[in-house]
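The values are calculated or read from the model by the stated rules, or taken from the named source; none is laboratory data. As the structure is a computational prediction, the values presented were derived from the model and not from experiment. All Cβ positions, even for glycine, are placed from backbone atoms using ideal geometry, and neighbour counts span all protein chains on display.
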């Protein structure tokens, strides 16, 4: 497995393309991680299908059929995860590993609920619960 990166310069200076294979141990580890990633496919009039994952939504692939798109997304994710591993970064765990089974209840005033709902929407969260969880976790983790 190899990755490529082609860089061009407006001033005519050529740069070398990166085309070096990953170590086989990194490829195996990346494939194992990606196997459990949740892949989402969407129909696209021009491209056929576009796919991405819940865990790394900025990695995309497309293909004419759902099967080919799924395989392309897995390949792109494997390269992304292998690159993260090679760079000493920790790739995201599969979403299924972080199942939330515990619940807490918080009472809010109508004004607080509206404030949270607006903040959640403006910041791109799915809802108030995701906003509160993310904000609280960020606060706790940053104070360590």
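Determine whether residue 59 is at pLDDT below 95, touching a strand residue (DSSP E or B) at 6+ places or on another chain (Cβ under 7 Å) and closer than 25 Å to residue 131 by Cα. Criteria met by residue 59. All conditions in (1) within 15 Å of the chain's Cα centre (by Cα); (2) at pLDDT 80 or above; (3) over 18 Å from residue 58 (Cβ atoms) hold for residue 94, with the sole exception of (3). When the stretch 21-41 is filtered for residues that are assigned to a helix (DSSP H, G or I), buried (at least 17 other Cβ atoms within 10 Å of the Cβ) and either touching a strand residue (DSSP E or B) at 6+ places or on another chain (Cβ under 9 Å) or free of Cβ contacts under 8 Å to residues at least 12 places away in the same chain (or both), the ones remaining, listed by number, are 27, 34. Of the residues screened, residue 64 is one that is exposed (fewer than 13 other Cβ atoms within 10 Å of the Cβ), under 30 Å from residue 48 (Cα atoms) and in contact (Cβ under 8 Å) with a residue 12 or more places away in the chain. Selection of the stretch 127-144 for residues being surrounded by 10 or more Cβ atoms within 10 Å (Cβ to Cβ) and in a helix (DSSP H, G or I) yields 128, 129, 130, 131, 132, 133, 134, 135, 136, 137, 138.
Each row is one residue, and each column tells you yes or no for (1) in a loop (DSSP other than H, G, I, E, B); (2) surrounded by fewer than 10 Cβ atoms within 10 Å (Cβ to Cβ).
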site	(1), (2)
68	no, no
72	no, no
76	no, no
83	no, no
90	yes, yes
103	yes, yes
114	no, no
125	yes, no
